[in-house]
Every structure is written in structure tokens, then in C-alpha cells.
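> If you scroll down you'll find the structure; I have some questions about it.
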Amino acid sequence: KHKKLEKQLLKRKEKRLKELAQKAKQTDLVYQIHQTIVHHFPELFSWMQEVEDCRKKKSTYAIAELLTSCLAMFLFKAESRNGFNNLREDLRFEKNYQRLFKMKLPHADTVDQVMRLLKTEQLERLKQKMVKVLIRRKVFHKQRYRGHWYCVAIDATGVTSYQEQHCEQCLHKTSKKGKTSWFHNVLEARLVTPNGFSISLLSEWIENPSNNNYDKQDCERKAFTRLAARLKQGFPQLPILILADGLYPYEGFFTLCRNNNWRYIVTFKEGNLPTIWEETRELQNYQTENQHQELIIRADKNTEERHYRWVTEMDYHGHTLNWLECKETISRKNVKNEPVETQCTFTHITDFPIHTNNIVLTSKTGRLRWKIENEGFNTLKNGGYEMEHKYSRVSYQASKNYHQLMQIAHLINQLIVLSSHFQETYLYGNNHPTLKSLWQDLIAVMKWAELDEMKLWEIKTQKIQIRFIN
């Protein structure tokens, strides 16, 4: 009986130690938010305080407190204003919030009143200021194309849709059955990297004039002209490589890139620039040496075979274009152990010189455009940020401001998730938790734990080096 009792006590002790270790690991998630902000952006809340206060009446909340509250709604992935208000009602959550940010926690309706008045360009400048800090710190230094060019993907996405006209700037379309739908789209320029970053540099809303004085609705190409001017103004010295889809191979795009000293690798589809397609087919017969193959045997013993072809120095209205194609064949075995092949073709056009030594890198870089779709828009829509949620049903201006703070929160969360420490601690192994479950743990910690103010102070004062995955 004595030995049996000892075993029971030992098991209880081991279980208790395991629970304590798990709770400590979960609590560390909150400390990592604090550590990421104070390490990369120690002046963030001071910058927020410098945002022009648009309120005419005095308030119990400073402008930085209101902006921080909105930012926290997206940092914690509360999914809605009501969801964040529910968190606010929890006394322990509110107390930990105040310890974490050193600020009061206002009601989301109070925040919304300011979002309706705030000038969107102020939050855009705040976002750009944060990105420039990361560039100066060389966070993306190793991820540049050919050691020099920062990859910037351009694409538009839908944000909200309505059954009735929401505002004068709404875009609209009518179906064949005569039903009209109304919606808001935004064109994004996002800094993308091979190791997984997809960070918003600029947001250009695709919107009709408020006076309804237009012949044709606004569109992505018109918005790109505006975005290009703002991108050059915001990042005048940044060496930019534009990655874009099949909408962008047109003379105006090539001219804009050349005038801004940008380079480009864009998707090239059948139907784009018919004369270039014809020239491409003809020159392939003469540039037969422009071929390269590679075979990759993956860890799971499946194989990837890629066949590259390219055509160089084609003239299009004074622009020198180079065409490249990658035919990829993935060989694997299905559940019945039968061989299965999957084939894909990726075709791009670029103004970079192409040769055998850089064809693989150039093709891979062109395919990085997908990161604006996957790590960018898909994460924002389905990864807890709820980009398509109507955070403000009444005010279009507020919707724009929520969008900007969502992008800033997404930036901070990426710095957490893509750090080597986070990957090794939480996402290592086959049975690691999902990001969704980790963020549920994070909110739970804010409700049951008591954050150590001394540890928060130590994190703020200690000097560390944060590394990111390759």
C-alpha cells in the first residue's frame, strides 16, 4: 500500500509540473507580444500619441489609448467589436491589458466614434514608419532578390459587400438576372519574402468619386496608377521589384516601372500582348539553348522535376522584355501506392536579363506573388482578423481606418510567428498546435493569469536579438 501511494503521489506531482509548464508556455505568448513591440517599435505608442486628435470635445481617453485598443482587437483576433467588448468585460483581462500596454481600455463604441473622424493617411504613415524601421534594421535583408531588390506584390481583393448601396464610393455590378450588388475593394502593395512575410506597404481603395460624376467605375488599373505615385513618394529610395498577376502586362505598367526605377516579374497569360506571344513562339526556335532542367528528391521521397525555357530581348514599344516558363511535374504515390503525377506551368515576363545561372531564382521569385494571396489576403480573411467583417456598418471612413490597424496588427503578429523562438517553441514537430488554438490560449491567459509587472519591465529593458526563420 505504501508503494502504491508513493506512485500515486509521484504521478500527481508529474501531472502538476506538466500543467505548470504548459501554463508557463501559454503565458509566454503574451510576453512575446510585449517583447516584439518593445524590441522592434519602442516608440510605437509615442507615434500614436502624435496622431492628430480629430475630436472636438474633451475625452477621458487619449488618442493613443483609443488606437491601441483598436490595434489590440486585431492583435488578439477578437473577430469583431462586440467580441472585444466581451473580453473587456472580464476584469482580469482588463487588468492584464492595462499592465501590458500601460493604458486604459475603452469601449469599442468609443473607439468607433474616433475611427469615423480620423484621417486614414495618418494611420498609413504610422504603418509605413513601422515598415521603414524594419528595413533599417535589415529584418528583410537576406530575403532580397539578387541581394538587392525588395519584392513588392500588387493585387486587389474584396473587403465588404452589401445588398444595397452602402455609400457613394461603392462599386457595383449587375448580374444577368438584373440583381445589383455593392462592394468595396482595395488594392494592396505588400512586401513579400521567401520566408513567409506579407506586409502591407500601401492600401489604395478602388472607389468611385463621391459626387457620382464618372463615365466608368474605378478599376484596379486606375488604382495602380495612384498607388504607384504614393509608393514612390513613401519609399523613394527603396529598390523595388514588382510582382503582379496577368492583369499587369501592359504598356502603361512597364512605363510606370521604368519611370520609378522599379523592376518587375509579372504573370504572363495567353491573350496578354498577342504580338509578344507570337514573337516568343518564333524565337524559341532560334534560342534553343535557353533551357534548363532540375530534379529534386524531397524528404518524403516524392520528386519534383522542373523544365525551364526562356526567350530574351523582345522589344515592346521601347521596353525590353524577357519571357520565361517553368513546367513543373510532381511525382508521388497515392494511398494505393500507385504513381500519380501533377503538372503545373508558370509563365512570367520580366525586364531582368535571364540566363542559366538565374533562371531558377527568377521563376521562384515570380511565384512569390502568391504570398499576397495566401499569407496576405487569405490570412486576413480566415485567420482570425475577419477582414470581410463589417467593423463599421455606417462609416466608410471608419472601415478604412479599421483596415489600416488590422494591417499593423498583422505585421506585429508576423514578427512573432516567423521568429525562430516561436517556431521552435510552438510549431515544432508533427503534432504541434494550430495558430488558431495558440491564439485561443493567448486570450485564455489574459483571462486567468496575472501578468508579472517586473517581468514586463525586464523585457522592456533587456537587449536581445530576434532571429527569423530562413
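> With the requirement that a residue be among the polar types (S, T, N, Q), in a helix (DSSP H, G or I) and surrounded by fewer than 17 Cβ atoms within 10 Å (Cβ to Cβ), what does the range 403-434 give you? Spell out how you get there, then give the answer.
Pass one, the range 403-434, residues among the polar types (S, T, N, Q): 404, 407, 413-414, 419-420, 423, 425, 430-431, 434.
Checking which are in a helix (DSSP H, G or I) leaves us with 404, 407, 413-414, 420, 423, 425.
Within the range 403-434, Ser420, Gln423, Thr425 meet the criteria.
> Go through the range 457-469 and give me each residue that's at pLDDT below 95 and buried (at least 17 other Cβ atoms within 10 Å of the Cβ).
Ile459, Ile466
> Name the residues in the range 165-183 that are more than 17 Å from Ser210 (Cα to Cα) and at pLDDT below 90, would you? Give the steps one after another, and end with the answer.
We begin by selecting, within the range 165-183, every residue more than 17 Å from Ser210 (Cα to Cα); these are 173-181.
Hits for the range 165-183 are Ser175, Lys176, Lys177, Gly178.
> Could you please give the count of residues in the range 74-96 that are open to solvent by less than 90 Å² (accessible area, probe 1.4 Å), assigned to a helix (DSSP H, G or I) and either touching a strand residue (DSSP E or B) at 6+ places or on another chain (Cβ under 8 Å) or among the hydrophobic types (A, V, I, L, M, F, W, C) (or both)?
5
> Now for a different question. Would you pick out the residues in the range 144-165 that are farther than 18 Å from Gln237 by Cβ and either in contact with a helix residue (DSSP H, G or I) (Cβ under 6 Å, 6 or more places away or on another chain) or surrounded by 19 or more Cβ atoms within 10 Å (Cβ to Cβ) (or both)? Don't jump to the end; show me each part of the working.
Taking the range 144-165 first, the residues farther than 18 Å from Gln237 by Cβ are 153-165.
Passing the criteria: Ala153, Ile154, Asp155, Ala156, Thr157, Val159, Thr160.
Every residue, every condition in (1) free of Cβ contacts under 8 Å to residues at least 40 places away in the same chain; (2) closer than 30 Å to Phe235 by Cα, yes or no:
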| site | (1), (2) |
| --- | --- |
| Phe268 | no, yes |
| Ile297 | yes, no |
| Asn302 | yes, no |
| Val311 | yes, no |
| Asn322 | yes, yes |
| Arg332 | yes, no |
| Val335 | yes, no |
| Trp370 | yes, yes |
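> Could I ask something else about it? In this structure, is Glu43 under 15 Å from Lys127 (Cβ atoms), of a type in the set (Asp, Glu) and at pLDDT 95 or above?
Numbers: under 15 Å from Lys127 (Cβ atoms): yes; of a type in the set (Asp, Glu): yes; at pLDDT 95 or above: yes.
Yes.
> When you look at Glu450, is it part of a helix (DSSP H, G or I), at negative phi and among the acidic types (Asp, Glu), yes or no? Write out each step before concluding.
Working: part of a helix (DSSP H, G or I): no; at negative phi: yes; among the acidic types (Asp, Glu): yes.
Judged against the criteria, Glu450 is not a match.
> Among the residues of the range 115-158, write down those that are in a helix (DSSP H, G or I) and charged (D, E, K, R).
Of all residues in the range 115-158, those in a helix (DSSP H, G or I) come to 115, 120-136, 141-143.
Listed by number, the residues that qualify are Glu121, Glu124, Arg125, Lys127, Lys129, Lys132, Arg136, Lys142.
> Here's a follow-up. When you check Lys364 against the structure, is it modelled with pLDDT of 95 or more, in a helix (DSSP H, G or I) and surrounded by fewer than 18 Cβ atoms within 10 Å (Cβ to Cβ), yes or no?
Details: modelled with pLDDT of 95 or more: yes; in a helix (DSSP H, G or I): yes; surrounded by fewer than 18 Cβ atoms within 10 Å (Cβ to Cβ): yes.
Answer is yes for this residue.
> Exactly one of these conditions fails for Ser203: (1) touching a Lys or Arg at 6+ places or on another chain (Cβ under 9 Å); (2) open to solvent by 50 Å² or more (accessible area, probe 1.4 Å). Give me its number.
Going through (1) touching a Lys or Arg at 6+ places or on another chain (Cβ under 9 Å); (2) open to solvent by 50 Å² or more (accessible area, probe 1.4 Å) one by one, Ser203 breaks only (2).
> Separate question: Got a number for residues in the range 171-200 being over 21 Å from Leu411 (Cβ atoms) and in a strand (DSSP E or B)?
In the first step, residues of the range 171-200 are kept if they are over 21 Å from Leu411 (Cβ atoms); the result is 171-185.
Filter once more, keeping what is in a strand (DSSP E or B): 171-174, 180-185.
Qualifying residue count for the region: 10.
> I need a count of the residues in the range 206-226 that are part of a helix (DSSP H, G or I) and surrounded by fewer than 23 Cβ atoms within 10 Å (Cβ to Cβ). Walk me through how you get there before you give the answer.
Step one: list which residues in the range 206-226 are part of a helix (DSSP H, G or I), which gives 220-226.
Checking the rest, the ones that are also surrounded by fewer than 23 Cβ atoms within 10 Å (Cβ to Cβ) come to 220-223, 225-226.
Qualifying residue count for the region: 6.
> Would you confirm, using the coordinates I've provided, whether Arg99 is at pLDDT 95 or above and either touching a helix residue (DSSP H, G or I) at 6+ places or on another chain (Cβ under 6 Å) or more than 20 Å from Gly234 (Cβ to Cβ) (or both)? Quick ask: steps written out before the conclusion?
On the way: at pLDDT 95 or above: yes; either touching a helix residue (DSSP H, G or I) at 6+ places or on another chain (Cβ under 6 Å) or more than 20 Å from Gly234 (Cβ to Cβ) (or both): yes.
Yes: the conditions hold for Arg99.
> Of everything in the range 378-402, what is open to solvent by 10 Å² or more (accessible area, probe 1.4 Å), assigned to a helix (DSSP H, G or I) and of a type outside the set (Val, Ile, Thr)? Give them in sequence order.
Asn378, Lys381, Asn382, Tyr396, Gln397, Ser399, Lys400
> Can you tell me which residue is farthest from the chain's Cα centre (by Cα) among those in the range 114-123 that are surrounded by fewer than 21 Cβ atoms within 10 Å (Cβ to Cβ) and touching a residue at least 40 places away in the same chain (Cβ under 8 Å)?
Initial filter on the range 114-123 (surrounded by fewer than 21 Cβ atoms within 10 Å (Cβ to Cβ)): 116-117, 119-122.
Now narrow it down to the ones that are touching a residue at least 40 places away in the same chain (Cβ under 8 Å): 116-117, 119-120, 122.
Values: Arg116: 24, Leu117: 26, Lys119: 23, Thr120: 19, Gln122: 20 Å.
Here the answer is Leu117.
> Just to check your reading of the model, which residue among Glu43, Glu52 is touching a residue at least 40 places away in the same chain (Cβ under 8 Å) and open to solvent by 80 Å² or more (accessible area, probe 1.4 Å)? Outline the logic, then answer.
Values: Glu43 fails: touching a residue at least 40 places away in the same chain (Cβ under 8 Å).
Going through Glu43, Glu52 in turn, the sole match is Glu52.
> Within the group Glu270, Glu289, which residue is closer than 30 Å to Glu325 by Cα and at pLDDT below 95? Explain how you work it out, then say what you get.
Details: Glu289 fails: at pLDDT below 95.
The unique qualifying residue is Glu270.
> Still on this structure, I have one more. When Leu231 is evaluated against the numbered criteria (1) open to solvent by less than 20 Å² (accessible area, probe 1.4 Å); (2) assigned to a helix (DSSP H, G or I); (3) without any contact (Cβ under 8 Å) to a residue 60 or more places away in the chain, which criterion, by number, is the only one it fails?
(3)
> Are any residues in the range 234-252 surrounded by 18 or more Cβ atoms within 10 Å (Cβ to Cβ) and of a type in the set (D, E, K, R), and if so, which ones?
Passing the criteria: only Asp245.
> Test Ser437 against the stated conditions and say whether it is surrounded by 15 or more Cβ atoms within 10 Å (Cβ to Cβ) and not basic (Lys, Arg). Break it down into steps so the answer makes sense when it comes.
Numbers: surrounded by 15 or more Cβ atoms within 10 Å (Cβ to Cβ): no; not basic (Lys, Arg): yes.
In short, no.
> Checking Thr60 against (1) of a type in the set (Val, Ile, Thr); (2) within 17 Å of Asn413 (Cβ to Cβ); (3) modelled with pLDDT under 95, only one condition comes out false. Which one?
(2)
The values are calculated or read from the model by the stated rules, or taken from the named source; none is laboratory data. The structure presented is a predicted model; accordingly, all values stated were derived computationally and were not measured. All Cβ positions, glycine included, derive from the backbone under ideal geometry; neighbour counts span all protein chains shown. Quick note on the areas: whole protein, heavy atoms, side chains included, nothing else; ligands and nucleic acids left out. Shrake-Rupley method; radii C 1.70, N 1.55, O 1.52, S 1.80 Å.
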